[in-house]
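These notes concern the structure reproduced below.
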Amino acid sequence: MLVSVSVLSAYDNLLSAINKVNSSSADYLHIDVMDGVFVNNTKFPIDIVKKISAISKKPLDVHLMVNDIKTVLEYASLKPDYLTFHVEIINDNKLIKFIKSLGIKVGLAINPETNINKLKPYLNDIDLVLFMSVTPGQGGQAFKENTLNKIKRLKKVLPDNVIISIDGGINNETIDKCKNVGCNMVVSGSFITNNDNYNESIEKLR
Ligand code: DX5
Ligand code: ZN
């Protein structure tokens with residue numbers, strides 16, 4: 001299981017959190033960009049992410065909770081390993097194709113209340129689907145079980161090379177459910193960053 005660590009809940013102590021991720025076994029550093037419009041919160045402006053990119057030893061997994069395509073292009077200029085934006089903000093595959101042409105892997109995130117049919121036109125163009133198992137906007141929320149049914153249904157039509165990632169409320173109690181429906185990556189925040197020993201939590205998710 002690939003583990004991407006979200007440092008959202010450690011926003012007040014970012015430097016220390018990033019250093020702990022650096023020296024952990026994490027596969028990716030997950031950055032939750034929020035524009036105050038798509039979600040009711042503002043986090044990780046581009047200048048901060050630039051600095052993070054300079055000090056992170058882990059590949060960046062940038063999750064954009066933003067409405068504006070221009071914002072997506074701005075963060076693409078940082079060349080993260082994965083750039084994930086929400087399926088709710090697109091109507092065609094132009095943005096996906098453009099980001100891919102920059103050599104960046106593209107993820108599409110889907111909110112708990114959005115129908116998986118919205119993803120179907122894009123399944124051959126993307127590298128990852130990010131299933132939100134909480135309403136995006138903040139860390140530390142309870143896992144929404146219904147997400148598991150959506151994953152099961154999408155998996156039937158999803159090309160095998162597309163990574164299935166899940167984000168929100170992932171911990172030692174919810175991880176097995178994610179494994180059972182075929183997730184290959186999990187994003188976990190507070191379960192990891194609330195424990196001084198990041199590796200101890202990460203290993204419970206493997
Ligand atoms: C929610 C974010 C998540 C969040 C995960 O909007 O996308 O990445 O930080 O945090 P936990 O694991 O605490 O739910
Ligand atoms: Zn996220």
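The values are calculated or read from the model by the stated rules, or taken from the named source; none is laboratory data. Quick caveat, the model's predicted, so the values are computed rather than measured. We place every Cβ from the backbone using ideal geometry, glycine too, and count neighbours over all the protein chains shown. Side chains included, ligands, DNA and RNA excluded: accessible areas come from the protein's heavy atoms. Shrake-Rupley method; radii C 1.70, N 1.55, O 1.52, S 1.80 Å.
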In a Gaussian network model of the chain with springs linking alpha carbons closer than 10 Å, the residue among 125, 92, 27 that fluctuates most is 92
Measure of exposure for residue 127: accessible area at 1.4 Å probe, Å² rounded to 10, is 30 Å²
Given the candidates 184, 198, 157, the one whose Cα lies deepest towards the positive end of the charge dipole of the stretch 150-200, counting +1 at each Lys or Arg C-beta and -1 at each Asp or Glu C-beta, is 157
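Normalized C-alpha radius of gyration of the stretch 1-108, against 2.2 N^0.38 Å?
Numbers: Rg = 13.4 Å, N = 108, 2.2 N^0.38 = 13.0 Å.
Compactness ratio reported: 1.03.
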Low-density loop GluC sites (Glu not before Pro), the stretch 63-167, at most 12 other Cβ within 10 Å, DSSP non-H/G/I/E/B, are 113, 145
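Quantify how much of the Cα-Cα distance distribution of the stretch 155-206 extends past 18 Å, in percent.
On the way: 423 of 1326 pairs.
Distances greater than 18 Å cover 32 percent of the Cα pairs.
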The aspartates and glutamates whose Cα lies under 20 Å from the Cα of residue 150, excluding any fewer than 8 residues away in the same chain, are 88, 113, 125, 127, 160, 167, 173, 176
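Only loop residues by DSSP count here, and only those with at most 16 other Cβ atoms within 10 Å; note down the trypsin sites (Lys or Arg not before Pro) in the stretch 154-197 that meet that.
Working: sites: 155, 156, 177, 179; in loops: 156.
Listed in order of number, the matching sites are 156.
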Mean 1/r over distinct Cα pairs of the chain, inverted to a Kirkwood Rh in Å, yields 16.8 Å
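For the stretch 47-88, what does the alpha-carbon gyration tensor say about shape, rounded, prolate or oblate, given a ≥ b ≥ c as the root eigenvalues, a/c under 1.5 as rounded, and a/b over b/c as prolate? Please report the intermediate quantities before stating the final value.
Values: a/c = 2.49, a/b = 1.74, b/c = 1.43.
Here the stretch 47-88 falls in the prolate category.
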Per residue, the convex hull enclosing the alpha carbons of the stretch 114-206 has a volume in Å³ of 98 Å³
Distance in nm between residue 124 and residue 199 label points, each 7 Å along Cα→Cβ, equals 4.5 nm
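From the P(r) of the stretch 82-140, could you give the percentage of C-alpha pairs in the tail past 14 Å? The partial results should precede the final answer.
Values: 879 of 1711 pairs.
Cα-Cα pairs in the stretch 82-140 separated by more than 14 Å: 51 percent.
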Shape call for the stretch 44-152, from the Cα gyration tensor axes a ≥ b ≥ c (a/c under 1.5 means rounded, otherwise prolate when a/b beats b/c, else oblate), comes out oblate
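Protein chains only, probe 1.4 Å: how do 206, 153 rank by accessible area, largest first? Mind dumping the intermediate values first?
On the way: 206 80, 153 120 Å².
Per-residue accessible area, sorted high to low, gives 153, 206.
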Taking a straight Cα-to-Cα line shorter than 23 Å from residue 156, and setting aside same-chain lysines fewer than 8 residues away, one finds 105, 118, 120, 144, 177, 179
Over the chain, with neighbouring protein chains present, the accessible area per residue in Å² at probe 1.4 Å is 44 Å²
